[in-house]
Amino acid sequence: MSAEVNIPRLDLNDYIKGTAEQKKRFSDDIGRAFNETGFVTIANHGMTRELMDELYAEVKRFFSMTEEQKLKYEIAGLAGQRGYTSKGREKAKDSKTPDLKEFWQSGQVVTDGDPIKSEYPDNVLVDELPAFNQITREVYQRLEDAGKHLLHAISIYLNLPENYFDDKVHNGNSILRAIHYFPIVDPDSLPDDAVRAGAHEDINLITLLIGASADGLEVLTREGKWYAVKPNAEDIVVNVGDMLQRLTNNKLKSTTHRVVNPPRELMKHSRFSVPFFLHPKGEMDLTTLASCIDEKHPKLYTNITAGEYLDERLREIGLKM
């Protein structure tokens, strides 16, 4: 990574299995990066390269099904939160033009009798692809586990108890999203501002992104320049979402990022990407932490719950009416 853009590569095992000193260093490093750029890359996140390759193989199988087959899994009234969302439905918050993508989402499976189960729609299963259902479930669980460890490290950085987020994210409203940025067959017919994913910030606490199948992810630096993020294929990219930024009064940055269209000669190729959006339960209070407010940093945000905030944002990006 570039010297002037602090996107460090950190080893999650340093935090989970490390000495007190390694844990502290990991926590300091992730905190500093989230304070400066809002992005890190993480090694040893609990998924093997084989699992990630298998996931992408299944994701490609799903998106190569016919339009008719995929549309069976687009379910009205769920605001895209489960199942398939077809092309042209989602846009960046301040954009008029939809992103050049289609996607699939699966969510939380509550297995411990928690009454919150009634708030979540069931996951949609793809009849044609039993392995797709199985592997997306496994990846969801592994990324949720990794995310909980990362939140422990962030809690320590914020001088909170290590388990501060545990009860808030247990059975949280997290989403695994498989995205297909489809081939751009006729670039000349596109509106000038049509891109694979318009400049945006994520809604949730943190996002864990499995190495995409091609380049394209860029983050906006403090100097206002776009910087390409190119992680190792086996790493995941982790960034701060708006909920964590609100909670910490901008101490941790939810950085603007986008997915740009490839050079013209590569436009006919698909790009696949699988982010995991780690959300708390809807009842989590996102009122700014008192420790993040002082004379230099007055409180910037109104009090709101995670559920209310999610609802507001889904309307802004066009998934909820």
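The values are calculated or read from the model by the stated rules, or taken from the named source; none is laboratory data. Quantities reported herein were computed from a predicted structural model and do not represent experimental measurements. Glycine gets a Cβ as well: all are built from the backbone with ideal geometry, and neighbour counts include every protein chain shown. All accessible areas refer to the heavy atoms of the entire protein, side chains included, with ligands and DNA or RNA removed. Shrake-Rupley method; radii C 1.70, N 1.55, O 1.52, S 1.80 Å.
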- Rounded to one decimal in nm, the spacing of the 7 Å Cα→Cβ label points at Met65 and Asp192 is 3.9
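If you stretched the chain out fully between Thr287 and Tyr164, how much longer would it get, using 0.36 nm times the residue separation minus the C-alpha to C-alpha distance? Before the final figure, lay out each step's value.
Numbers: separation 123, 0.36 × 123 = 44.28 nm, distance 1.42 nm.
Computed gain between Thr287 and Tyr164 is 42.9 nm.
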- Task: Starting from the Cα of Lys299, draw a straight line to each of the lysines and keep only those under 23 Å, dropping any in the same chain fewer than 8 residues away.
- Result: Lys168, Lys251, Lys253
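When N is the residue count of the range 71-223, what does its C-alpha Rg come to as a fraction of 2.2 N^0.38 Å?
Working: Rg = 17.7 Å, N = 153, 2.2 N^0.38 = 14.9 Å.
So the range 71-223 has a normalised radius of gyration of 1.19.
In the range 1-116, carbon and sulfur make up what percent of the accessible area (probe 1.4 Å)? Don't skip to the end; give the middle numbers.
Working: 2700 of 5530 Å².
The value for the range 1-116 is 49 percent carbon and sulfur by accessible area.
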- Message: In whole Hz and in residue order, list the ³J(HN,Hα) couplings for the range 73-80 that follow from phi through the Karplus curve 6.51 cos²θ - 1.76 cosθ + 1.60, θ = phi - 60°; x for Gly and Pro.
- Response: 9, 9, 10, 4, x, 9, 6, x
- Message: If packing is taken as the average count of other Cβ atoms within 10 Å, what order do 198-208, 233-243, 126-136, 90-100 fall into, highest mean first?
- Response: 198-208, 233-243, 90-100, 126-136
- Message: What number comes out for accessible area per residue over the chain if the probe is 1.4 Å? Units Å², please.
- Response: 46
- Task: Show Lys17, Lys101 ordered by accessible area, largest first, where the area counts protein heavy atoms only and the probe is 1.4 Å.
- Result: Lys17, Lys101
- Message: Suppose we look only past 20 Å in the calculated P(r) of the range 233-321. What percent of the Cα-Cα pairs does that tail hold?
- Response: 52
- Note on the structure: Summing +1 per Lys or Arg and -1 per Asp or Glu among the other residues with Cβ less than 15 Å from Ile304's Cβ gives -1
- Item | His257 accessible area, 1.4 Å probe, all protein chains in place, Å² to nearest 10 | 10
- Message: Could you work out the relative contact order of the range 52-99? I mean the mean sequence separation of Cα pairs under 8 Å and 6+ apart, divided by the number of residues, in percent.
- Response: 20
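Carbon and sulfur together cover what percent of the accessible area of the range 202-280 at a 1.4 Å probe radius?
Ligands and nucleic acids excluded, carbon and sulfur give 51 percent.
Given Lys72/Lys101; Lys60/Lys87; Lys70/Lys230; Lys96/Lys230, which pairs have Cα atoms separated by over 20 Å? Show your work: numbers first, answer last.
Numbers: Lys72/Lys101 18 Å; Lys60/Lys87 16 Å; Lys70/Lys230 31 Å; Lys96/Lys230 28 Å.
Table pairs above 20 Å Cα-Cα are Lys70/Lys230; Lys96/Lys230.
In debye, nearest 20: dipole of the chain around its Cα centre with unit charges on the Cβ of K, R (+) and D, E (-)? Don't skip to the answer; put the middle values down first.
Working: 41 positive and 51 negative charges, 79 e Å.
In total the dipole reaches around 380 debye.
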- Message: Order Glu50, Glu162, Glu68, Glu218 by their accessible area, 1.4 angstrom probe, all chains in place, largest first.
- Response: Glu68, Glu50, Glu162, Glu218
- Prolate/oblate/rounded label for the chain (Cα gyration tensor, a/c 1.5): rounded
